[in-house]
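**Student:** My structure is below; once you've seen it, I'll send some questions.
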Number of protein chains: 2
Amino acid sequence: MAKEGVEKTEETEQMIEKDGGKEPAESNCVKGGGGGGGGGGGAGDDKEMRAVLLTGFGGLNKLRVSKKVMPEPQEGELKIRVKACGLNFIDLMVRQGNIDSPPKTPLVPGFELSGIVEALGENVKGFEIGDRVMAFVNYNAWAEVACVPVDFVYKIPNEMSFSEAAAFPMNFVTAYMMLFEVANLREGMSVLVHSAGGGVGQAVAQLCSTIPNVTVFGTASSFKHEAIKGSLTHLFDRNADYVQEVKRISPDGVDIVLDCLCGENTGKGLGLLKSLGTYILYGSSNMVTGETKSFFSFAKSWWQVEKVNPIKLYEENKVMAGFSLLNLLFKQGRTGLVKDVMDKLTRLYNEKKIKPLVDSLWALEEVKEAMQRIHDRGNIGKLILDVEKAPTPLMANDSTETSEAGEEEEDHEGDNENKERMPFIQ
Amino acid sequence: MAKEGVEKTEETEQMIEKDGGKEPAESNCVKGGGGGGGGGGGAGDDKEMRAVLLTGFGGLNKLRVSKKVMPEPQEGELKIRVKACGLNFIDLMVRQGNIDSPPKTPLVPGFELSGIVEALGENVKGFEIGDRVMAFVNYNAWAEVACVPVDFVYKIPNEMSFSEAAAFPMNFVTAYMMLFEVANLREGMSVLVHSAGGGVGQAVAQLCSTIPNVTVFGTASSFKHEAIKGSLTHLFDRNADYVQEVKRISPDGVDIVLDCLCGENTGKGLGLLKSLGTYILYGSSNMVTGETKSFFSFAKSWWQVEKVNPIKLYEENKVMAGFSLLNLLFKQGRTGLVKDVMDKLTRLYNEKKIKPLVDSLWALEEVKEAMQRIHDRGNIGKLILDVEKAPTPLMANDSTETSEAGEEEEDHEGDNENKERMPFIQ
């Protein structure tokens, strides 16, 4: 999908498969040869599938679409034919290796998806083939098929589209748990959220509107203000001195600060809290600072984070918390709690009190442009990879990146590792 | 009140006023002369009152009972004839000067009291003369009369005694707000509380019992176990390795850690939390380490406190909080919120779900022994200064302290400052 202000990262025109249906059997258009573009969309045969591959940590050029061996469900897993995947800021951090204990590359990125149950592993209860589902995965979302343990899968409400369902789990569970599990949001409270135009920001704004008389302060790039101003009480430019702006309106500060920035903002955020207020660090988007200097800037940000003396919290009656949904799910095993939260959230969706805001849909082959858009903070709401979508044709002069095509192309019949490294679209 | 295991700090036998009633008019028994004890109890004339005076920061010898000018209520204040006062660990810290921005001495210590409304300042609504009340004060509790702004005064439930009412505000509001305002205690959770035999510890245990299926781990000196074991699920000796003990029973840790210790325990407490768990530092009794080395040990404890990196909280999904009720009331002005909490607590008291546990009653003249008892962790529940109680006679050989009697005795008819410094009982 071509969007204004997004740099095009593909070198050549891409072949488009017009009929991106579920079972287009053998219609893949893969061209060998240096510099050639491949065709996207559609499921392949039953032994292979398309997936976005991260070949190593670094810039956008580490991403490509490739073929991978079709996964089959193990005991307790569901095989899901993926319809749509969520693209989150954490995916940019993964791409740069800016996470604790990064996994080995090559890998298929992505932590959430929606789709249709295609097969059930042994001992899977509560789901049937054909069910519309959304799921968290620990990588491997950005593919045509994913196999997911049943504890991470949730049924999609009837009225929710696959795109909405791919935009739902990460942002709304994160927002809900921060507001209601960690911070205990109640009537009359006030909340400050950064990146108010992003997926979590919009989920926070919507969930705050379900509680009477909650004041929501937000920061966002000025060009987004017109689009999102209805969802917040007070909106500031992201480059403004938000501490001064908030204090001008609410001299006592706010009850909850949700901080996805990190670094110098921790002190600012704690300083803005009312007594008994809660500061929650839920991400660290300041760490993604550029295309190449990732490791250095990561380490720099990490060590610059201001440590906090518990006695200061005691004197000021303040609460400091961190929230990482992925760690909660995949390191700390709190799937039961998250399931309860998903139940509450689907009820709120069915009551039309919340609704994921989708910014734009992108083909798997457009993942670089999509990432660039989130990196540039161009999005309002969630970016979705639509697995069945065909890439938008690009003009040759849209190119901004030197192709690595030809360097790694190999025969499709090689072993698995070769298949994973094989560029499908470059 | 003489208790087993409590050192006696008075040198000589004390005169006892048998009829410690409210208006014993001019019955004070003050003896001049070196080494002579004075008689306690009873209100004096309407221009003077008895009060405990802290003459400077340091050991027990800085405390004495003195006469002070009778206070009169200003606009918005109630004049309260005090019946009983609470003695808290913070009072020991005040005595040693172990608090941030200590006030000037001489001062009258004490932060909570119960009594009867004797007069109303202008513009006081909601109270009448004769009302039975309990109150927070910012010092000046340990006296026969206190004038208190109306926002800090609460009516006593009919069935609650004055002793219970003096044991109620600090401990139960602190426990309630930590469990329900800061940490959001819910069914099925687990709580670790140190000093489980103290006033806050017992309030925590009782409040936890109002929520279904809450597991309470506590630490306390072994000799208290028999008395308090019924109020906790698991009880460990205070010198045991509680981290190991808790993990043996609950390998995943606990949901809430309430830490009144400070220092090395912050890291231990955070380490014991489940994901989404809350560590609350609500006091720092480790800071009171001895009679004389107060300032040094204070500074040492303060700087040794382990600072916490917010990113660690993020990775582990943990919450770290501090809670100081006195700061909340007197620095941060949250009297409305505390009033709401007191309303909830009095309902729970009337429903017989909670009841303050009083350890012992002491005359004002026995404040040193009472402080020694709390310092030695001899108490089970709350120590109360009973303003109308007469001191228990002591044998001459109970003495453990060199009297300063005679050094500062002056005529009662001196100016105010002299009155304040004048020993009433030594």
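None of the figures in this text is laboratory data; all of them are computed from the coordinates on show. Remember, predicted model here, so these are calculated numbers, not experimental data. Positions of Cβ are generated from backbone atoms using ideal geometry, with glycine treated the same way; all protein chains shown enter the neighbour counts.
**Student:** Rounded to the nearest Å, what's the spacing between the alpha carbon centres of region A:94-153 and region B:181-246? Just the number, please.
**Tutor:** When both Cα centres are located, 41 Å separates them.
**Student:** Where in region A:82-177 are there trypsin sites (Lys or Arg not before Pro) that are in a DSSP coil and have at most 11 other Cβ atoms within 10 angstrom of their Cβ? Display every interim value, and only then the final one.
**Tutor:** On the way: sites: A:K83, A:R95, A:K104, A:K125, A:R132, A:K155; in loops: A:K104, A:K125.
Loop-located and lightly packed - A:K104, A:K125.
**Student:** With label points built 7 Å along Cα→Cβ from the Cα atoms of B:K104 and A:A119, find their separation and express it in nm.
**Tutor:** 8.4
**Student:** At a Förster radius of 60 Å, what calculated FRET efficiency corresponds to the Cβ-Cβ distance of B:N138 and A:N350, to the nearest 0.05? Show your work: numbers first, answer last.
**Tutor:** Working: r = 51 Å, r/R0 = 0.86.
E between B:N138 and A:N350, to the nearest 0.05, is 0.70.
**Student:** For A:N123, go 7 angstrom from Cα along the Cα-to-Cβ vector, then report the distances to that same point in the other copies in nm, smallest first.
**Tutor:** Result for A:N123, in nm, nearest copy first: 7.1.
**Student:** Now a separate question. Describe numerically, in nm with one decimal, the distance between label points set 7 Å from Cα along Cα→Cβ at B:R186 and at B:S221.
**Tutor:** Computed distance between label sites B:R186 and B:S221 equals 3.9 nm.
**Student:** When Cβ neighbours within 10 Å are restricted to other protein chains, what is their mean count per residue of peptide A:317-330? All intermediate terms of the calculation are to be shown ahead of the outcome.
**Tutor:** Numbers: counts 14, 5, 10, 8, 10, 13, 7, 7, 1, 0, 5, 4, 0, 0.
Rounded to a whole number, the mean comes out at 6.
**Student:** Expressed in nm to one decimal, what extension gain is obtained for the pair B:N61 and B:A240 from 0.36 nm per residue of sequence separation less their Cα-Cα distance?
**Tutor:** Values: separation 179, 0.36 × 179 = 64.44 nm, distance 3.33 nm.
Extra length available between B:N61 and B:A240 comes to 61.1 nm.
**Student:** May I pose another question? Mind sorting A:L107, A:L87 by how few other Cβ atoms lie within 10 Å of their own Cβ, fewest first? Let's see the in-between values first.
**Tutor:** Values: A:L107 20, A:L87 31.
Going from sparsest to densest Cβ surroundings: A:L107, A:L87.
**Student:** Same structure again: A:P73: net charge of surrounding residues, Cβ under 10 Å, Lys/Arg +1, Asp/Glu -1, itself excluded?
**Tutor:** Working: positive: A:K79; negative: A:E72, A:E75, A:E77, A:E118, A:E122.
Charge balance in the 10 Å sphere: -4.
**Student:** Per-residue mean of other chain beta-carbon atoms within 10 angstrom of the beta-carbon, peptide B:271-281? Let's see the in-between values first.
**Tutor:** Details: counts 0, 0, 0, 2, 9, 9, 0, 3, 2, 4, 4.
Whole-number average of other-chain Cβ neighbours for B:271-281 is 3.
**Student:** Still on this structure: Holding the Cα-Cα limit at 21 Å, pick out from B:K353/B:K389; A:K318/B:K224; B:K155/B:K353; A:K268/A:K353; A:K67/A:K368; B:K268/B:K382 the pairs that are longer than that. Working shown, then result.
**Tutor:** Values: B:K353/B:K389 29 Å; A:K318/B:K224 33 Å; B:K155/B:K353 18 Å; A:K268/A:K353 32 Å; A:K67/A:K368 17 Å; B:K268/B:K382 27 Å.
Violating the 21 Å Cα-Cα cut-off are B:K353/B:K389; A:K318/B:K224; A:K268/A:K353; B:K268/B:K382.
**Student:** Let me ask something additional. List the pairs from B:K229/B:K344; B:K62/B:K307; A:K331/B:K312 whose alpha-carbon separation is above 24 Å, in the order I gave them. Each step should come with its number before you reach the end.
**Tutor:** Details: B:K229/B:K344 26 Å; B:K62/B:K307 34 Å; A:K331/B:K312 14 Å.
Flagged as over cut-off: B:K229/B:K344; B:K62/B:K307.
**Student:** Which whole number gives the average, over all residues in A:183-195, of C-beta atoms from other chains lying within 10 Å of the residue C-beta? Spell out each step's value before the answer.
**Tutor:** Details: counts 2, 5, 0, 1, 0, 0, 0, 0, 0, 0, 0, 0, 0.
Partner-chain Cβ atoms within 10 Å, mean over residues of A:183-195: 1.
**Student:** Still on this model: Mean separation of Cα pairs under 8 Å and 6+ residues apart, divided by the residue count of region A:123-185: what relative contact order is that in percent?
**Tutor:** Details: 31 pairs, mean separation 21.1, N = 63.
This gives 34 percent for region A:123-185.
**Student:** From the phi of every residue in region A:337-343, what ³J(HN,Hα) in whole Hz does the Karplus formula 6.51 cos²θ - 1.76 cosθ + 1.60 yield, where θ is phi - 60° and glycine or proline is x?
**Tutor:** 5, 5, 4, 4, 5, 4, 4
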